[in-house]
Amino acid sequence: MDKTQSAMELIERYFPDLSEVQARQLAMLGPMYREWNEKINVISRKDIEHLYEHHILHSLAISRLEPFQPDMNVLDAGTGGGFPGIPLAILYPEVQFTLLDSTAKKIHVVREVAQATGLINITGVHSRIEEFSGSFDLVISRAVSTLSQMIAWSAHLVPAQHWMIFKGGDPAEFRKELPPYFDIKAFAISEWYQEPYFLEKYVIDIKRR
């Protein structure tokens, strides 16, 4: 059994209803990211062997909260090499995802991966968050900054004032970062996935009152 096949069994354990197209697209990510990582350090060298657990399955955790509706415009702020945006774009082909990062070579990888997998619901943008303009229904982000920094950088992009951010640590500390006029809910990913990697990892749902 090759690494991709074994990794896909992990994904399908938690997402048994993937279509054939979605399963094929997700299976393509492993070989593509390993190849790109040889050229560009998209993912840390020690982490590339755990791509499916640490990056793809992690990215898909947000789906447990069912935040997406057809035709939504979602911004993945500070996407890096495409996480969480690319796995989520595969899972939600009817949602439009803009993947933004300040590192041009990483956005190059995002665009190449999206084209190779046939993802037409992804737009890759090279820009700093605070310098970008647009209007989105939701901002998502994964381990880019503090919560307060992310909201300060991106508040002008999300009229609905709604963020869903992946963070590790203590939820009590997350709440201290933001003023009281934000509603903050921390959802433990370990409630959804049994792998030890997900202990003390959360999806933080933030809305301005």
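The numbers here are math on the coordinates, done by the rules we state, and not lab data. Note that the structure is predicted; figures quoted are calculated from it, not measured. Reconstructed Cβ throughout: ideal geometry from the backbone, glycine too, with neighbour counts over all protein chains shown.
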*If Lys and Arg each add +1 and Asp and Glu each add -1, what is the summed charge of the other residues whose beta carbon sits under 13 Å from the beta carbon of Gln161?*
0
*Counting other Cβ atoms within 10 Å, which chymotrypsin sites (Phe, Trp or Tyr not before Pro) in the stretch 47-113 have at most 13 and lie in a DSSP loop?*
none
*Taking the Cα centre of each part, how many Å lie between the stretch 68-118 and the stretch 133-209?*
18 Å
*Cut-off 14 Å (backbone N to label point 7 Å along Cα→Cβ of Phe15), residues of the stretch 60-93*: 60-68, 83-93
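As a footprinting exposure proxy, order Tyr14, Tyr181, Tyr33, Tyr92 by other Cβ within 10 Å, with the fewest listed first.
Tyr181, Tyr14, Tyr92, Tyr33
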*Listing Ser148, Ser63 from the residue with the fewest other Cβ atoms within 10 Å to the one with the most, what is the order?*
Ser148, Ser63
*Efficiency by 1/(1 + (r/R0)^6): what FRET value for Ser102 and Met32, r their Cβ-Cβ distance, R0 = 25 Å, to the nearest 0.05?*
0.65
*Could you sort out which of Lys185/Lys207; Lys176/Lys207; Lys106/Lys201; Lys39/Lys201; Lys176/Lys201; Lys167/Lys207 sit more than 19 Å apart by Cα distance in this structure?*
Lys106/Lys201; Lys39/Lys201
*In which sequence would Ile90, Ile48, Ile11 go, from the one with the fewest C-beta neighbours within 10 Å to the one with the most?*
Ile48, Ile11, Ile90
*Mind giving me the FRET efficiency for Arg175 and Glu200? R0 is 25 Å, r the Cβ-Cβ distance, nearest 0.05 is fine.*
0.95
